[in-house]
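Trainee: Here it is: the structure, laid out below.
Bear in mind these aren't lab numbers, they're just calculated from the coordinates by the rules spelled out. In this text the structure is predicted, and so the values were computed from the model without any measurement. Here Cβ is always computed from backbone atoms with ideal geometry, including for glycine, and neighbour counts include all displayed protein chains.
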């Protein structure tokens, strides 16, 4: 007996209705990079503190401890400077990356280089205060590491800007102001490098950071200038 049941032939509409697009890779969340960076910065600061000299059993009495602290004043000062520098880098990172709605591959790579420079700070701090008789090399390595830390972060932000992932409309002024401080910090360390070739007081250049920031802000207010 012939089959009289109606046969349905699949048409283009059926294929369209029943076919779902394959999900693509999810974009990298800025929060993941922020949390990862926070952890690395915390480790760097911890390593920095672990290098602080502590009186041993050979130091006796209050006068002995005070004498020990005076003898290692350079190490304690270098620790405070490095802690201050890492803290500024971290605050700048937190302030700017919270405006990012996504991440680009270039920004991730520059951020990793930024973290590399951060974790090198305990090493360069120890090198700066070591007893090696090579002040110029010790100082320049330390200052150059700070310059590179600032530069890598600026390049990460530049890549984010090109990618158009700064979502907040009011972020432009905050980004510009924060980068102004970062640029002033970079210039202060950069200026100190040639100064170290002629004097052991090159670190005094770092105190010029507020002055440099004021100068950059004044230049940015001129017509046609960009801060």
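Trainee: Taking the simple approach of a point 7 Å from Cα along Cα-to-Cβ for both residue 46 and residue 112, what is their distance in nm?
Mentor: For the pair residue 46/residue 112, the computed spacing is 2.3 nm.
Trainee: Please sort 102-110, 42-50 by packing, taking for each peptide the average over its residues of neighbouring beta carbons within 10 angstrom, highest first. Write out the running numbers ahead of the final one.
Mentor: On the way: 102-110: 17.0, 42-50: 14.7.
Most protected by this proxy first, the peptides run 102-110, 42-50.
Trainee: If you rank 142, 35 by fewest surrounding Cβ atoms within 10 Å, what's the result?
Mentor: On the way: 142 27, 35 11.
Arranged by neighbour count, lowest to highest, 142, 35 become 35, 142.
Trainee: Now, a different point. Measure off 7 Å from each Cα along the Cα-to-Cβ vector at residue 71 and residue 204, then give the distance between these two points in nanometres to one decimal.
Mentor: Taking the two extended label points, one gets 2.9 nm.
Trainee: Neighbour counts of other C-beta atoms within 10 Å: give me 211, 165 arranged from fewest to most.
Mentor: Details: 211 11, 165 17.
Neighbour counts put them in this order, fewest first: 211, 165.
Trainee: Here's something else I'd like to know. Where does each of 118-124, 79-85, 146-152 land if you order them by average Cβ count within 10 Å, highest first?
Mentor: Per-residue mean Cβ counts within 10 Å order the peptides as 146-152, 118-124, 79-85.
Trainee: While we're here: For residue 36 and residue 158 in the same chain, what is the full-extension length gain: residue separation times 0.36 nm, less their Cα-Cα distance, in nm? Walk me through the numbers on the way to the answer.
Mentor: Values: separation 122, 0.36 × 122 = 43.92 nm, distance 2.04 nm.
That pair, residue 36 and residue 158, stretches by 41.9 nm at full extension.
Trainee: Take each of the peptides 93-100, 192-199, 131-138, average the number of other beta-carbon atoms within 10 Å over its residues, and list them starting from the highest.
Mentor: Going from most to least packed, we get 93-100, 192-199, 131-138.
Trainee: Gap in Å between the Cα centre of segment 48-113 and the Cα centre of segment 121-136?
Mentor: So the separation of the two Cα centres works out to 14 Å.
Trainee: If you don't mind, another one. Based on the inverse mean of 1/r over its pairs of different Cα atoms, what is the Kirkwood hydrodynamic radius of segment 77-222, in Å?
Mentor: One over the average 1/r among Cα pairs gives 16.1 Å for segment 77-222.
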